[in-house]
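**Q** Got a structure for you, questions after.
The values are calculated or read from the model by the stated rules, or taken from the named source; none is laboratory data. Note that the structure is a prediction, hence the values are computed from the model and not measured. All Cβ positions, even for glycine, are placed from backbone atoms using ideal geometry, and neighbour counts span all protein chains on display. Protein only, heavy atoms only, side chains kept; ligands, DNA and RNA dropped before computing areas. Shrake-Rupley method; radii C 1.70, N 1.55, O 1.52, S 1.80 Å.
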Amino acid sequence: MLKIADKEFSSRLLLGTGKYPSFEIQKQAVAVSEAEILTFAVRRMDIFEASQPNFLEQLDLTRYTLLPNTAGASTAEEAVHIARLAKASGLCDMVKVEIIGCSRSLLPDPVETLRATEMLLEEGFIVLPYTSDDVVLARRLCELGVHAIMPGAAPIGSGRGILNPLNLSLIIEQSNVPVIIDAGVGSPKDAAFAMELGADGVLLNTAVSEAANPVMMAEAMKLAIEAGRLGYKAGRMPVRDYGVASSPTEGLVTN
Amino acid sequence: MKKMIDLNGKTYSVVPEVATIQQLLEHLGLGDRILIVEKNKEILQKDHYDTPIKDRDQIEIIHFVGGG
């Protein structure tokens, strides 16, 4: 079970809800993924346009935990404001702190992320900061009392996979709260790798929503995360420099 | 006199029968939507939707959209 604050989840896949080709495909992808935590963004409603369908309103909210993000914020104060708005919906008390510090790479601003996290924890939120793979920053966030830490594998939406497995391993090793690899996952191999490193979960969006077949990819990601987790728990064999025969070297029937 | 408010960044004329936030939401056909209301930069909790609307109020209606 994945335990975040006092909530328990049987799925270790957290799914983003942006950029799907259609609501119908998205609904199927969400169902097949078996994700229990879904991320959302908070935005001004387009009230002057004809009533537009809203994905969240089509969900059975008793089955999902909403994880609103603070995307769009560039300062701690803006992030706190977005988190308060989300909480005022009465639907969630968790928040993904996401404060972008570089518009080109979409990498998070470490200083503002740390500040916002501290402020939100003080207000009683369940806080899951999206952070870079910086080991010391991750430790500082843990020391503040976050409920999970979410280091990125690679820039958001880049699909480049895990760029720094060593840093992620060090973050996982030192963390006393769940580590969820967030952002940059491109394929099932990346998700499995994250879990094999010992991550507690994976948060992804574009890898599914931008796949040629998002529903099939949602299932692939689910299976990859399960496989990676099992592999981690099973304990992998050592890596060697030279070949070691699998077949007996005695009783050979050749000369 | 008609009340003029700033609604989601646009000037909006409130019809006389709309006196509160709840009535505004219903008038806009948003009564059963999942949303959050901010009035003059202050977030309104659900049990405060009976707050009266005054001339020149700045009101934001916010909701959840897809995101990662």
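**Q** Only residues that are in contact (Cβ under 8 Å) with a residue 60 or more places away in the chain, out of contact with any Leu (no Cβ under 9 Å at 6 or more places or on another chain) and open to solvent by 10 Å² or more (accessible area, probe 1.4 Å): list them for the range A:8-61, please.
**A** Across the range A:8-61, the qualifying residues are A:19, A:20, A:21, A:25, A:28, A:32.
**Q** Also, I was wondering about something else. Only residues that are closer than 14 Å to residue B:60 by Cβ and in contact with a Ser or Thr (Cβ under 8 Å, 6 or more places away or on another chain): list them for the range B:6-24, please.
**A** B:21
**Q** So is residue A:86 within 14 Å of chain B (Cβ to nearest Cβ), touching a Leu at 6+ places or on another chain (Cβ under 9 Å), outside any loop (DSSP other than H, G, I, E, B) and open to solvent by less than 30 Å² (accessible area, probe 1.4 Å) or not?
**A** Taking the combined requirement at face value, the residue satisfies it.
**Q** Got a number for residues in the range A:21-43 being facing chain B (nearest Cβ under 10 Å) and closer than 22 Å to residue A:94 by Cβ?
**A** 7
**Q** Among (1) open to solvent by 50 Å² or more (accessible area, probe 1.4 Å); (2) modelled with pLDDT of 95 or more, which single condition is residue B:41 missing?
**A** Exception for residue B:41: condition (2).
**Q** Restricting to the range A:89-105, give me the number of residues that are assigned to a loop (DSSP other than H, G, I, E, B) and either surrounded by 15 or more Cβ atoms within 10 Å (Cβ to Cβ) or aliphatic (A, V, I, L, M) (or both).
**A** 6
**Q** Just for the range B:8-21: of the residues that are assigned to a loop (DSSP other than H, G, I, E, B) and within 13 Å of chain A (Cβ to nearest Cβ), which one is farthest from residue A:85 (Cα to Cα)?
**A** That would be B:9.
**Q** Would you be able to tell me the number of residues in the range A:154-163 that are on the phi < 0 side of the Ramachandran plot and open to solvent by 20 Å² or more (accessible area, probe 1.4 Å)?
**A** 6
**Q** Being modelled with pLDDT of 95 or more and either closer than 17 Å to residue B:68 by Cβ or buried (at least 18 other Cβ atoms within 10 Å of the Cβ) (or both) is the requirement here; does residue A:72 meet it?
**A** yes
**Q** With (1) at the interface with another protein chain (Cβ under 10 Å from one of its Cβ atoms); (2) in contact with a helix residue (DSSP H, G or I) (Cβ under 8 Å, 6 or more places away or on another chain); (3) under 19 Å from residue A:43 (Cβ atoms) as the list, and residue B:45 as the residue in question, which single condition is left unmet?
**A** Failed condition: (3).
**Q** Report, by residue number, each residue of the range A:140-153 that is open to solvent by 10 Å² or more (accessible area, probe 1.4 Å) and aliphatic (A, V, I, L, M).
**A** Residue satisfying the conditions is A:144 alone.
So that you can scan it fast, the table gives a plain yes or no per residue for (1) in contact (Cβ under 8 Å) with a residue 40 or more places away in the chain; (2) in a helix (DSSP H, G or I):
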| residue | (1), (2) |
| --- | --- |
| B:23 | no, yes |
| B:38 | no, no |
| B:43 | no, no |
| B:47 | no, yes |
| B:59 | yes, no |
| B:63 | no, no |
